[in-house]
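What follows is a set of notes on a single structure, which appears directly below.
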Amino acid sequence: MPGSTNGHRVKSTRRAFIAAGGVGSVTLLAGCFGEEGGNGGNGGNGDNGSGNGSNDDNSSGNGGGGEVHDERFRVFDPAGTNPSDRHFNPWNPSNAGAWHPGAAVFDKLAIFSPASNEAYPLIATGWEMTDDTTLEAELSDEWTWHNGDQFVAQDWTMQAEIEIALAEAAAEGDEQAHVMESVEAVDDQMIRVNLHNPLSETFAVQNSIGIFHDLIGRGVFTKHDDDQWSEWHEALVNGDDSEAAIEEITSTPYPMLTDDPIGNGPFQVADIGDSEIILEKYEDHPNADSINHTEFSLQVYSDQQQIFQAFNGGQVDAGHSQFPMQDDQMNQLPDSLELFREGRSANNLFTFNCGYEVEGYDTPFDNQNVRKAVAHLYNREQAQQLLQGEKILFEYPPCRVPHAVLEQEGGEISGINIEEEFTLYGQNDTERATELLEGEGYSLEDGEWYDPDGERFEVMFMNGEQDPHIQVLSQNLRDFGVETVQETFDDATFDNRRMAGEYDIMPDGSSANGIFAMWALDLVPDWIQSISHFEPEVEIPMPIGDPDGSEGTKTINVADHINSWMQDEDNDQYHQELMWWWNQHLPEFEVLWEPDAGAIDTANWQLDVREEIYNGVDDALYVAPKMEGSGIMYQP
């Protein structure tokens, strides 16, 4: 199963308040989406323009004016927690239901597709950059909350201001806290976003009204006149006992799914069971006439085997992810099952504790040459023998580009041939590892390695016992003479330790959905930095492709470099140097990848939505019922 492929990155410390995110791709898959026509939600080849196979602005749709069926669309719920324990507070990571089912209950201003690197209107009917740091958007007056109240601009600005305030508290004034500097409701139907730095319209939208990553990107959860949200918002924005407000908002489960919460999306909470969440159609939603069934349910299963059995037994109609399964299972599933999200993938990585500003824990990996040495020792061919058919070896040098893109482009990205220019690790190159370690003062005595202080070279792996690639690396290190220790912690302790830098190596999983998606403004400088503790300002050897730096070094600030690229997305230099930094500094090391598709049984259901949504967003099943001319249609 993918590790953390839904952009769901929740932080539990004070630095956890910035919502990390993904920027959309541009090159993934112009040749993978739609051109072959085989992903049509109507079960056909897509050539007739119906279903998602059409490349028109909106699919033809089968909703509107037709018969409404008393049917329940049953979806596998990957959240895996007790439905009655969930809540709709995206800033409290404990059992948050903001992703499932929040993405169905709440709507967004705009839908951003990493596949097309474009945003599509939802509550927002249009937008424009009035200057290079200001974005304005008009909102529709057709949206209401489930109690009938009008949805207004102040609802969204409250959520954005809470997010910005939490980010600023986490940053403690040491760094720019968020892409957005401030937001304002010009009136009930217009918002204005002020950015810290100039951005192109694409990335201004993606990082504000079109934000799609993490729990905060699943919809507008805050109603501006709700007493609890108003109390927290006032304390955070005006500084009235903000410390207490931060503690409350990040720990209070509000509102609970069991408390009849109201949203603004096409479905509302109807019933919470032990293993099922039942949502019912909200008749006053602007797209309600295009929804021809009455209920949407999320069903909790504990593992992939149960998902397989549920599909095979006709107990569920669709799943957001976890496909394709192993061949022996896929061959037993109904012929009517079709995959969607096929343009998306997920990576498995080693994360190194790079040690920047880590206190109280000494890690050998605060030295980049030690990180390189260990990466060289890894034997990817041994990992191949342990794979079960779902995961695939990442065959290219680490460069933070999806494997599918590298494969499609023949290894040439932004004018650089990655295979020829970048360092390839994972070859069990003991000679190179020895050279790097000895150059840093390590020594080999009687088959055992010692650090520069004369202590045994020891590596602590955190929570990697279930990961075959971690076990392979651990054995490679022991064979080389490095002592290894494996420690496993519960989720809360694991999260605290990785944020505090109390480990040496740990496994990580991430979405890998396009060139820009891998370098989000908040993802790399914030989230990955917060768990790998890499130095934000670094020197990279020059020229690119020469690890020895025959022309010296160049100092770059990773966050500034990404920001500059997002202002000028056609400038290859920024991307080249960022990829080179990743390859040489190795805060993380891509070792495996896998497709990250969903599946729908087309015997009775059609996922009818434009191609960029069908194969391009995490929550395609949630988005389809929201957009004009789209839907998940029951077919008797």
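The values are calculated or read from the model by the stated rules, or taken from the named source; none is laboratory data. Note that the structure is predicted; figures quoted are calculated from it, not measured. Please note: Cβ atoms are built from the backbone with ideal geometry, for glycine as well, and neighbour counts cover all protein chains shown. Only protein heavy atoms, including side chains, enter the accessible area calculation; ligands, DNA and RNA are left aside. Shrake-Rupley method; radii C 1.70, N 1.55, O 1.52, S 1.80 Å.
Could you list, in sequence order, the residues of region 206-240 that are assigned to a helix (DSSP H, G or I) and within 13 Å of GLY102 (Cβ to Cβ)?
LEU215, ILE216, GLY217, ARG218
If you take the residues in region 497-516 that are open to solvent by 10 Å² or more (accessible area, probe 1.4 Å) and acidic (Asp, Glu), which one is nearest to GLU590 (Cα to Cα)?
By that ranking, first place goes to ASP508.
Are any residues in region 423-467 open to solvent by 60 Å² or more (accessible area, probe 1.4 Å) and within 27 Å of the chain's Cα centre (by Cα), and if so, which ones?
Answer for region 423-467, where residues must be open to solvent by 60 Å² or more (accessible area, probe 1.4 Å) and within 27 Å of the chain's Cα centre (by Cα): LEU424, GLU465, GLN466.
Given the conditions (1) farther than 24 Å from TRP232 by Cα; (2) in contact with a helix residue (DSSP H, G or I) (Cβ under 8 Å, 6 or more places away or on another chain); (3) open to solvent by 10 Å² or more (accessible area, probe 1.4 Å), which single one is not true for ILE278?
The failed condition is (2).
At pLDDT below 95, closer than 30 Å to ASP260 by Cβ and not hydrophobic (A, V, I, L, M, F, W, C) - does that describe any residue in region 143-150?
No, region 143-150 contains no residue that is at pLDDT below 95, closer than 30 Å to ASP260 by Cβ and not hydrophobic (A, V, I, L, M, F, W, C).
Could you say whether any residue in region 150-168 is part of a loop (DSSP other than H, G, I, E, B), surrounded by fewer than 18 Cβ atoms within 10 Å (Cβ to Cβ), more than 22 Å from the chain's Cα centre (by Cα) and not aromatic (Phe, Trp, Tyr)? Steps first, please.
Initial filter on region 150-168 (part of a loop (DSSP other than H, G, I, E, B)): 151-152.
Right, trim to surrounded by fewer than 18 Cβ atoms within 10 Å (Cβ to Cβ) and you get none.
The answer is no; no qualifying residue exists.
Do you know which residues across region 542-572 are open to solvent by 50 Å² or more (accessible area, probe 1.4 Å) and either outside any helix (DSSP H, G or I) or closer than 17 Å to LEU521 by Cβ (or both)?
Listed by number, the residues that qualify are PRO547, ASP548, SER550, GLU551, THR553, LYS554, THR555, ASP560, GLN567, ASP568, GLU569, ASP570.
Filter region 517-539 down to residues that are small (Gly, Ala, Ser) and either part of a loop (DSSP other than H, G, I, E, B) or surrounded by fewer than 24 Cβ atoms within 10 Å (Cβ to Cβ) (or both), then give me how many there are.
2
GLU420: surrounded by fewer than 18 Cβ atoms within 10 Å (Cβ to Cβ), free of Cβ contacts under 8 Å to residues at least 40 places away in the same chain, among the acidic types (Asp, Glu) and out of contact with any strand residue (DSSP E or B) (no Cβ under 6 Å at 6 or more places or on another chain), yes or no?
no
Taking only pairs six or more apart or across chains, which ones have beta-carbon atoms under 9 Å, a first residue in region 539-551 that is under 12 Å from TRP580 (Cα atoms) and touching a residue at least 24 places away in the same chain (Cβ under 8 Å), and a second residue that is part of a loop (DSSP other than H, G, I, E, B) and not polar (S, T, N, Q)?
ILE540/GLY549; PRO541/PRO547; PRO541/ASP548; PRO541/GLY549; PRO541/GLU551; PRO541/GLY552; ILE544/PHE422; GLY545/PHE422
Which of the numbered conditions does ALA137 fail, given that it passes all the others? Conditions: (1) modelled with pLDDT under 95; (2) within 26 Å of PHE516 (Cβ to Cβ); (3) hydrophobic (A, V, I, L, M, F, W, C).
(1)
For region 281-301, name all the residues that are part of a strand (DSSP E or B) and open to solvent by 10 Å² or more (accessible area, probe 1.4 Å).
Those that are part of a strand (DSSP E or B) and open to solvent by 10 Å² or more (accessible area, probe 1.4 Å): LYS281, THR294, GLU295, GLN299, VAL300.
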